[in-house]
There are 2 protein chains.
Amino acid sequence: MLAAARRVLESDKPHLHAYMPNAGYPQVREAVAGRLRAATGLPYTANHVLMTVGAGAALNTVLKALLDPGDEVLTVAPFFAEYVFYAENHGGKLVVVPPKADLTPDVARLEAAITERTRAILVNSPNNPSGVIYPASTFVEIAAMLTRAARPIVLVSDEPYRALVFDGVPVPEVAPLVTRAIVATSWSKSLALPGERIGYLAFSPRMPEAAALFEACTFTSRVLGFVNAPALWQWVVAEVGDQVIDVAPYREKRDLMYEGLTRIGYRCVKPQGAFYVFPRTPIEDDVAFVRLLAEEGVLTVPGSGFGMPGHIRISLTVERETIVRALPGFERAFRKAQAT
Amino acid sequence: MLAAARRVLESDKPHLHAYMPNAGYPQVREAVAGRLRAATGLPYTANHVLMTVGAGAALNTVLKALLDPGDEVLTVAPFFAEYVFYAENHGGKLVVVPPKADLTPDVARLEAAITERTRAILVNSPNNPSGVIYPASTFVEIAAMLTRAARPIVLVSDEPYRALVFDGVPVPEVAPLVTRAIVATSWSKSLALPGERIGYLAFSPRMPEAAALFEACTFTSRVLGFVNAPALWQWVVAEVGDQVIDVAPYREKRDLMYEGLTRIGYRCVKPQGAFYVFPRTPIEDDVAFVRLLAEEGVLTVPGSGFGMPGHIRISLTVERETIVRALPGFERAFRKAQAT
C-alpha cells in the first residue's frame, strides 16, 4: 500500500491532487465498480460509486440526501454510537431496535418499528461493537419485509470491517439480496490507514432510485463540506483496494480475550470479525462495572452508548501482551461484582 | 511539496496514517500555531488549532458548533455560493448584506442587519468571486461594531486565497484586530492540491470562548463525519505549510483579462488576489448575459449565485491562451448586449 502511494506521488499523473468531479475520479470509481461487479454479479458502473472522506462522510452524505426533518432511521442494537449524531445532523432521528439473543437483527421487531417517517434501515456488519456478522438470511428477511412496506425504505449497509473477518465466516453482499441497498464503507481498517479518510458509497444498480440518489449525494457530499475524497488515496485504493492487512494477529487476540473472559464466567457472543469483544456485564449497571474495571487498570466502554446496557465493549487494537495483563483485572472485577 | 510528501511516506513515522486526536496530530497543530504566533504576535498554542478536511469542512464544523436552529450568519455580497448551504446544513440562515461600491464590507449595513439571532459574521478575503482583499480598516470597524453588539458574535474569516495575492497588497491578520476571530483556511490553493482536503480552524487566543469552541469543534468535526484531517497531508503541511505556488502566472492572466475587459468597456473592480475577475454585466440580467457569452463560446458564472446580480464571475484557472482567445467573445457579447 505504501509502495502504491509512493508510485502515485512519483507518477506525475496529470491533475494528481487536483479538483475532480465531486463524486471522485471517474477512473477510480470505475475500478471500484469493477470489483463490485465481480463480487455481486450486478451491473455496477462508475455512476453507482461515490468516493467519500471515509465511511463517516459516506453515512452523513447519504443521510443528508435521504432525510427530511423528522424522518426516522432504524438501526439495530448494539450500534456504532455516532449513528445518533449522523441522523440528528440532518434533522432525522435514530430509532434503535433490540437484536435477537445472538445480536443479529430481529426483523419482526424492525418491521414493527417502521412508521411513515422511516426512510432507511442502517446496519453495521461486521458489527462495532459486537464483532457479529449478519448472515445472508437476515438480509433475505429484510428484503421481504421491505417489499411489504408502504413506502420505499433503503437499506444502508455500513461495512468498514468487511475485510476483517475470522474463521472464514462469509460477509454477505447485500445488493444481490436487497433491492434498495446502499453500501457505505472505507479502507480505514482493511488497509490500516484510519487517519487518511478514504471510502465510498455504492448504490445498487437494482435500486430504482440509484441515479437520483447518486446525483443527490454528489451534491450533499459537496455542500456538507467534504467536497471530494482525498485525491492521492483515491488513486491508491483504485490500485490496491483489494489488499487486506493480515487478520491473524486480531484473530489470535480475539481468541485470547474471548476464551479468557468466558473461562472467568463472562457471557459473550463470539466475535466473528472487527476489533471488538462485547460481553455481558455481571451486574446490570454497565457504567458502574466499567468503573470497577478501571479500578483494576482495565479500560473499556459501557454498552449503553451503543444502545445495549448491561454490556461492555473491549477493543482488540492493543498489543497481545496488554490483553494477557488485562485478564486478571477482568477476573478481579468480575468477582467483586458478584460479591456485591 | 511533493518531495515532502514522499519523505513523509518514506519516513515510517510511527502511527503514520493512524488515528489521532480528532483535532489532528498535536505536533502538526503546534507547527501551525507557531506560524500563527509569528504572523499575529498572539499566543496561539496547539489547542487553538483544529486540523480540518479543507476549508469547507472547517466552515461546516464551526457553524455546527455555533448555530442553533433559526440562528443567523451574516455575510457580505458577493459571497462564496456554498455559504448558503453551510448555514442551512446546521439549521441556520445566511443573511446577505450588500457591499460598498469597491466590493468591501459596508459595516454600517452589517450592523443594521444584526438581530438577536446573529451568531457569526462570515467573510471571505481575498474574495471568491471578486478577488477583492478587505483592508485592515474594515476589520477595525467590525471590531468596534462587535463591541456594541448586545450578545457575542464571532467573526469567521474564510481565507483559502490568503497566499494568492498580487502586487503585494497586504491581507490583514484578523485576530489582532477582532477579539472574537476564527480563521478557516486550506492549503488547496496555496500548494495547488485542492483535491487533497487539508486545512484548519484557528481560534484567536484573545477570544474568551476559544477553549470552549475548540472543544465543541473537535466534537462537531467528528460527528459530522470528517473524523480528522487526512493524516499524510497533516505531516506535509506541518513541514512545508509556508510554501506558496508561484502567483506570477495568475497575475499575468489577471492583468490580461482585467485590461482586456475594461478596454472593451466592462466596468470591473480590479482583483487583488484569488483566481477570479468579477465585472459588471452591460445588461441587468446576468443570467441572460451569461447565455450571450456562451453563444460566443465563453464560459462564465452569473453573479446572482454569489448574491450579486448584474455581475459575472470569470475564472483565471485556465491557460493564458484561452483568455487571449476569449476576449473577442467578451467583446462581441458586450456589443450585442448594448445593441439590444
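The values are calculated or read from the model by the stated rules, or taken from the named source; none is laboratory data. Given the structure is predicted, the values throughout are model-derived calculations rather than measurements. Backbone-built Cβ (ideal geometry, glycine too); neighbour counts: all protein chains shown. Please note that ligands, DNA and RNA were not included when accessible areas were found on the heavy atoms of the full protein model with its side chains. Shrake-Rupley method; radii C 1.70, N 1.55, O 1.52, S 1.80 Å.
Label positions at B:Asp246 and B:Gln27, each projected 7 Å from the Cα along the C-beta direction, are separated by 3.3 nm.
By the equivalent-ellipsoid construction on the alpha carbon gyration tensor, segment A:18-165 comes out with semi-axes of 26, 19, 16 Å, ordered largest to smallest. In the context of the full protein assembly, A:Lys270 retains an accessible surface of approximately 90 Å², using a probe radius of 1.4 Å and ignoring ligands and nucleic acids.
Listed by chain and number, the aspartates and glutamates placed with their C-alpha closer than 19 angstrom to that of B:Lys253 are B:Asp167, B:Glu319, B:Glu321, B:Glu331; residues fewer than eight positions away on the same chain are left out. Taking square-rooted eigenvalues a ≥ b ≥ c of the alpha carbon gyration tensor, is chain B rounded, prolate or oblate, where a/c under 1.5 means rounded and, failing that, a/b exceeding b/c means prolate? Because a/c hits 1.5 or more and a/b fails to exceed b/c, chain B counts as oblate. Interface size, chains A and B: roughly 3200 Å² of accessible area buried, both sides included, 1.4 Å probe, rounded to the nearest 100. Placing R0 at 22 angstrom, the Cβ-Cβ distance between B:Ala101 and B:Ala136 gives a FRET efficiency of 0.70 after rounding to 0.05. On the principal axes of its alpha carbon atoms, segment B:248-339 extends 35, 27, 19 Å, with the longest extent given first. Ordering B:Arg180, B:Arg320, A:Arg263 by accessible surface, largest first, gives A:Arg263, B:Arg320, B:Arg180; the 1.4 Å probe counts only protein heavy atoms, with every chain in place. Within segment A:233-269, name every residue whose backbone N is under 20 Å away from a label modeled 7 Å from Cα of A:Arg291 along the Cβ vector. Correct set: none at all.
Extents of the protein assembly as shown, taken as max minus min of Cα coordinates on every principal axis and listed largest first, are 86, 54, 50 Å. Taking only the Cα atoms of segment A:161-311, the ratio Rg/Rh comes out at 1.05, with Rh defined as the Kirkwood radius. Beta bridges assigned by DSSP with both partners in segment A:102-203 are antiparallel in approximately 35 percent of cases. Please give the solvent-accessible surface of A:Glu239 in Å², to the nearest 10, using a probe radius of 1.4 Å with every protein chain present. Spelled out: A:Glu239, probe radius 1.4 Å, area about 100 Å². When the C-alpha to C-alpha distance is required to be over 32 Å, the pairs from A:Lys93/B:Lys189; A:Lys64/B:Lys100; A:Lys93/B:Lys93 that qualify are A:Lys93/B:Lys189; A:Lys64/B:Lys100.
Of the solvent-accessible surface of chain A, computed with a 1.4 Å probe and all protein chains present, 54% belongs to carbon and sulfur. In this simple spin-label model, placing a label point 7 Å from the Cα along the Cα-to-Cβ direction at both A:Asp167 and B:Glu88 gives a separation of 5.1 nm.
Of the two radii for segment B:194-262, the radius of gyration is 1.17 times the Kirkwood radius, both from the alpha carbons; that is the Rg over Rh value. Computed over chain B with a Gaussian network model linking Cα atoms closer than 10 Å, the most mobile of B:Ala65, B:Ala77, B:Ala149 is B:Ala149. Within chain B, helices built from complete DSSP H runs that reach 15 Å or longer along their own axis (Cα positions) and carry a mean Kyte-Doolittle hydropathy of -1.0 or higher are B:26-40, B:54-66, B:136-148, B:210-223, B:320-339.
Annotation: extensible slack from B:Glu259 through B:Ala38 equals 75.9 nm (criterion: 0.36 nm per residue apart, minus Cα-Cα distance). Comparing A:Val318, A:Val171, A:Val132 in a Gaussian network model of chain A where C-alpha atoms under 10 Å apart are linked, the largest mean-square fluctuation is found at A:Val318. Result for chain A in a Gaussian network model with C-alpha springs under 10 Å: among A:Gln272, A:Gln234, A:Gln27, the largest mean-square fluctuation is at A:Gln27. DSSP finds beta bridges in chain A, and of those with both partners inside it, around 45 percent are antiparallel. Mean residue ellipticity at 222 nm from the helices of chain B, using -39,500 (n - 2.57) per DSSP H segment of n ≥ 4 over the full residue count, to the nearest 500 deg cm²/dmol? Value at 222 nm, helices only, nearest 500: -12500 deg cm²/dmol.
Among the protein heavy atoms, those of B:Tyr276 account for about 20 Å² of accessible surface (1.4 Å probe, every chain in place).
Label positions at B:Arg320 and A:Ser11, each projected 7 Å from the Cα along the C-beta direction, are separated by 3.1 nm.
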